[in-house]
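The structure appears below as structure tokens.
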Amino acid sequence: MDLKLTGKRALITGATRGIGRAIALNLADEGVAISFCARTQKDVEAMTKSLQQKGVKAHGTALDIRDAKAYLAWIEAEGAREGGLDIFIPNVSAGNAGSGDAAWQANFEGDLMHSVRGAEALLPVLARSSAASIILIGSVAAAETAFGPGAYGPMKAALASYGKLLAEAVAPHGIRVNVLSPGPVYFEGGDWHRVKQQQPELYNHFNARCLLGGMATADEVARAAVFLASPAAAAITGSTLLVDRGFSHAIRL
Ligand SMILES: NC(=O)c1ccc[n+]([C@@H]2O[C@H](COP(=O)([O-])OP(=O)(O)OC[C@H]3O[C@@H](n4cnc5c(N)ncnc54)[C@H](OP(=O)(O)O)[C@@H]3O)[C@@H](O)[C@H]2O)c1
């Protein structure tokens, strides 16, 4: 299947590790130019080289999205680069920050507001694209009780709600908005890698709940993101796509 992505431009937050990195590399394989950020300069440089080796233009910036002013200045600059942008994927998360005021604030800013600010700043740019797509990175934690009453799941639920509302509002401008909702994803240096080392019983419990042979890989999630971002998914907007190897117990109608 031709995904019709060649020559498109994507902006991804948090693309030096895990799911964001895999999405960037898989989009680059389809001929998509990538702008991305992460906080660690040396990782940004290494990722820029990895993308360039695939023959696409790559622009990496060391940036903390929690600095809203710097983040929006970067969004504006990258949105204007080479005359436009087709795909926006806010992928950074504050992670499972726990409970208490500081944790709720961290997930509010890191999961919800960085996605909202980025999407809304880029709407005029995306409206000029003939293949505009926003993918919000959710989580099964938005609709599962397995993770306890911390801030992470509720903020991902708010993000999913926002995604649906935004999809309706921007459809007349030809912009598709979808939520990609991974289950537990295992990769070296990721959260579940740490859990496996520090809390093996908890890791085994979550791993066994992923019915298709354990936790998903970042590449498996990325391949779904690439399809969803592409003109091949032109009829899909306002949806939440679970990529969880059967982790979820909820029935979604
Ligand atoms: N892993 C899972 O099991 C899982 C499951 C469901 C959903 N998700 C979602 O998938 C997304 C990616 O998670 P992940 O586990 O693949 O990756 P991750 O370990 O959370 O790292 C994501 C990337 O974001 C960058 N980053 C983190 N904080 C940042 C900040 N404040 N400003 C700029 N960049 C920042 C990291 O680089 P630096 O540290 O150098 O900044 C890295 O490149 C998140 O939205 C997460 O909620 C993950």
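Just so it is clear, none of the values below were taken in a lab; they were calculated from the coordinates. Values in this document were obtained by computation on a predicted structure and should not be read as measured data. Here the Cβ positions follow ideal geometry from the backbone for every residue, glycine too, while neighbour counts run over all protein chains shown.
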Self-check item: Degrees between helix 68-80 axis and first principal axis of the chain (Cα, 0 to 90, nearest 10)
Solution: 40
Practice problem: Evaluate the charge dipole of the chain about its Cα centre and quote only its size in Debye, nearest 20, assuming +1 on the Cβ of each Lys and Arg and -1 on the Cβ of each Asp and Glu. | Solution: 280
Quiz prompt | Where labels lie 7 Å past Cα in the beta-carbon direction, separation of H249 and E168 in nm | solution = 3.1
Exercise. Calculate the dipole size of the stretch 71-180 relative to its Cα centre from +1 charges on Lys and Arg beta carbons and -1 charges on Asp and Glu beta carbons; express the result in debye to the nearest 20.
Key: 200
Self-check item: Estimated FRET transfer efficiency when R0 is 41 angstrom, pair L211-A80 (beta carbons, to 0.05)
Solution: 0.35
Quiz item: Where does the chain land on the Kirkwood hydrodynamic radius, alpha-carbon pairs, in angstrom?
Solution: 18.2
Self-check item: Fraction of the pair-distance distribution of the stretch 148-253 above 19 Å, Cα-Cα pairs, percent
Solution: 53
Practice problem: Answer rounded, prolate or oblate for the stretch 1-89, using the Cα gyration tensor with square roots of eigenvalues a ≥ b ≥ c: rounded when a/c is under 1.5, else prolate when a/b is larger than b/c, else oblate. | Solution: oblate
Quiz item: If you stretched the chain out fully between K57 and D43, how much longer would it get, using 0.36 nm times the residue separation minus the C-alpha to C-alpha distance?
Solution: 3.3 nm
Quiz item: Equivalent-ellipsoid semi-axes (√(5λ), Cα gyration tensor) for the stretch 82-191, whole Å, largest first?
Solution: 27, 14, 13
Self-check item: Rg in Å to one decimal, and Dmax rounded to a whole Å, for the stretch 40-146 via C-alpha atoms
Solution: 15.5, 46
Quiz item: Given a cut-off of under 8 Å on Cα pairs at least six residues apart, what relative contact order in percent is computed for the stretch 160-236?
Solution: 27
Quiz item: In whole Å, what is the distance between the alpha-carbon centres of the stretch 9-44 and the stretch 99-149?
Solution: 17
Quiz item: Who wins for biggest fluctuation among I236, I19, I87 in a Gaussian network model of the chain, springs between alpha carbons below 10 Å?
Solution: I236
